[in-house]
Amino acid sequence: MKINNRLFLIFMSGLTLSSFAAWIVFHEIVVDKLLYIQSSKLTSLSQRKVDLLTARLKKSEMKLKSFSHILESELNKSIKEDEIVLFNQIMEKNSDGVWLNRKSKFNGEFEAGMFIPESSNSTNLQKIQNLRIKRAMDVFGSSGDNSENIWFLSSARSEIMFDKGNPDYIFNELPNADYTQTPWLLIGSSKLETNKEVLITPPLFDPANKVWMVSAVYPIYVNHTWIGNIGEDTHIKRDIESLLNVDEVTHKQTHFLIDGEGKFILGGEIQSEDFYHDEKFNLDSEPELIELLKIPLTNQITILSNDFSFHEQKYFVIGASLPFNWRYYSIISLDELMETVNHILLWMFGVIIIFNVLNIVFCSEFINGLISKRITNLLDSMLKYTKDKSIVVSEEMDIYSNYKDEINDIAEQFDFVVKKLTFRDKQLV
């Protein structure tokens, strides 16, 4: 094997072994750092989602309280004679005995719709109350966007709704619609006037919209008498789930959202068609999840576990508390989290490989030029001397005069030996 090949092999072996050793050390140090960076990004992203959801819940609370002050002020005013006339102008009774807005004059994007069963309006006072609620809602509801609504339900089955996203809601309502025994009304009816607060319903199915939702509810009193509730709906899939899935590009997060009564709003992998029905759903088969839900939360996203076991997989878990005693948990598969880390490591490994290849090519040329070619030149010069005794090998090596090393020393020593032999030969003659 030629010397340049041996030197190249020695250099390449040393570089490969040192790179491999360095990679092992680098991997051990960097993986934890990269995982920390990735988890920090996820924590920051999740905090943003929690802040958005918190803002939406607080907005509903402030919105209902503000509207209740307007509404109660309007409802306590003296009755005017022209109000019943106005009611009859904008309303008509259909064949089912339900008072509805006159459809020819109604625009649900700019005004509230009314659904008033005849049996619930035996007096003009009740009609005027509903009219005042509608007129106040016309002004208040117009400031919201298409994902917001506001409504009023009474114990007498009346419904008043301003919903830009579903402007014809009241015309699609069933004639026998009755929400009086649902949480939309029941959770407000038990509150005392002096202890009013915004409450959140458990997940409820709205048969008119055919969607699952939760609703913020606030009771309304007139002359210290409860007459019904105002509320705002938040669609679970459209509003909550889509909000929590926003910016979810790098990692697939599984979200768990639980209300103040311990009912699941979002249930991640365990969610199914029967998810919201208590009689068909429990956590007895999910002991790991039960333990996770016992961990105390704060209003800031906190890392709850780095190796949570769930369905025979390991997860990274974060969580935070929300208004109304809601709890939010997000779990991310460690395999998926590591996939991003591995992509980064693979990219860095590729950079190291490219650097090593360039280093090997450079050093190969360096070894070949600095050592191999000079040794070959020295050998050629010695062979020339055997044919022409006048050749001075060291002078033949002058082209490498910048390199003062052992190869030059060999050429000079060769010339020195040749001179001594020549001198001796002359003395013998």
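Of all the criteria given as (1) modelled with pLDDT under 70; (2) under 32 Å from the mean Cα position of the chain (by Cα), the one not satisfied by K389 is (2). Between A156, A55, A112, the distinction of being more than 30 Å from N325 (Cα to Cα), under 47 Å from the mean Cα position of the chain (by Cα) and open to solvent by 30 Å² or more (accessible area, probe 1.4 Å) belongs to A156 only.
Within region 68-102, the set of residues being touching a helix residue (DSSP H, G or I) at 6+ places or on another chain (Cβ under 8 Å) and in a helix (DSSP H, G or I) comprises I70, L71, E74, L75, E83, I84, L86, F87, I90. For region 207-225, taking the residues that are at pLDDT below 90 and touching a strand residue (DSSP E or B) at 6+ places or on another chain (Cβ under 6 Å), the one that is nearest to E61 (Cα to Cα) is identified as W212. Residues in region 192-233 that are of a type in the set (G, A, S) and open to solvent by less than 10 Å² (accessible area, probe 1.4 Å): S215, A216, G228, G231. Figure legend. Inter-residue proximity from region 52-70: first residues more than 13 Å from Y221 (Cα to Cα), second residues open to solvent by 70 Å² or more (accessible area, probe 1.4 Å), beta-carbon distance below 8 Å, spacing 6+ or different chains. Indicated pairs: T54/N299. Kindly establish whether I70 is open to solvent by 30 Å² or more (accessible area, probe 1.4 Å) and closer than 17 Å to L153 by Cα. Spelling it out, I70 is indeed open to solvent by 30 Å² or more (accessible area, probe 1.4 Å) and closer than 17 Å to L153 by Cα. Would you mind stating whether K127 is basic (K, R), open to solvent by 40 Å² or more (accessible area, probe 1.4 Å) and touching a residue at least 12 places away in the same chain (Cβ under 8 Å)? Spelling it out, it is not the case that K127 is basic (K, R), open to solvent by 40 Å² or more (accessible area, probe 1.4 Å) and touching a residue at least 12 places away in the same chain (Cβ under 8 Å). Inspect region 139-147 for any residue being more than 17 Å from L71 (Cα to Cα) and in contact with a helix residue (DSSP H, G or I) (Cβ under 7 Å, 6 or more places away or on another chain) and give the result as yes or no. Within region 139-147, one or more residues are more than 17 Å from L71 (Cα to Cα) and in contact with a helix residue (DSSP H, G or I) (Cβ under 7 Å, 6 or more places away or on another chain).
Let's see how each residue does on (1) without any contact (Cβ under 8 Å) to a residue 40 or more places away in the chain; (2) open to solvent by 60 Å² or more (accessible area, probe 1.4 Å); (3) small (G, A, S); (4) within 30 Å of L304 (Cα to Cα):
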{"position": "S40", "(1), (2), (3), (4)": "yes, no, yes, yes"}
{"position": "L45", "(1), (2), (3), (4)": "no, no, no, yes"}
{"position": "F87", "(1), (2), (3), (4)": "no, no, no, no"}
{"position": "R132", "(1), (2), (3), (4)": "no, no, no, no"}
{"position": "N146", "(1), (2), (3), (4)": "yes, yes, no, no"}
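Taking the listed residues E81, E61, the one that is acidic (D, E) and more than 29 Å from the chain's Cα centre (by Cα) is E81, with no other qualifying. Among the numbered criteria (1) surrounded by fewer than 18 Cβ atoms within 10 Å (Cβ to Cβ); (2) modelled with pLDDT under 80; (3) touching a strand residue (DSSP E or B) at 6+ places or on another chain (Cβ under 7 Å); (4) not charged (D, E, K, R), which one does L337 miss? With (1) surrounded by fewer than 18 Cβ atoms within 10 Å (Cβ to Cβ); (2) modelled with pLDDT under 80; (3) touching a strand residue (DSSP E or B) at 6+ places or on another chain (Cβ under 7 Å); (4) not charged (D, E, K, R) applied to L337, the lone miss is (1).
The values are calculated or read from the model by the stated rules, or taken from the named source; none is laboratory data. In this text the structure is predicted, and so the values were computed from the model without any measurement. Please note: Cβ atoms are built from the backbone with ideal geometry, for glycine as well, and neighbour counts cover all protein chains shown. We work out accessible area using only protein heavy atoms, side chains counted, and drop any ligands, DNA or RNA first. Shrake-Rupley method; radii C 1.70, N 1.55, O 1.52, S 1.80 Å.
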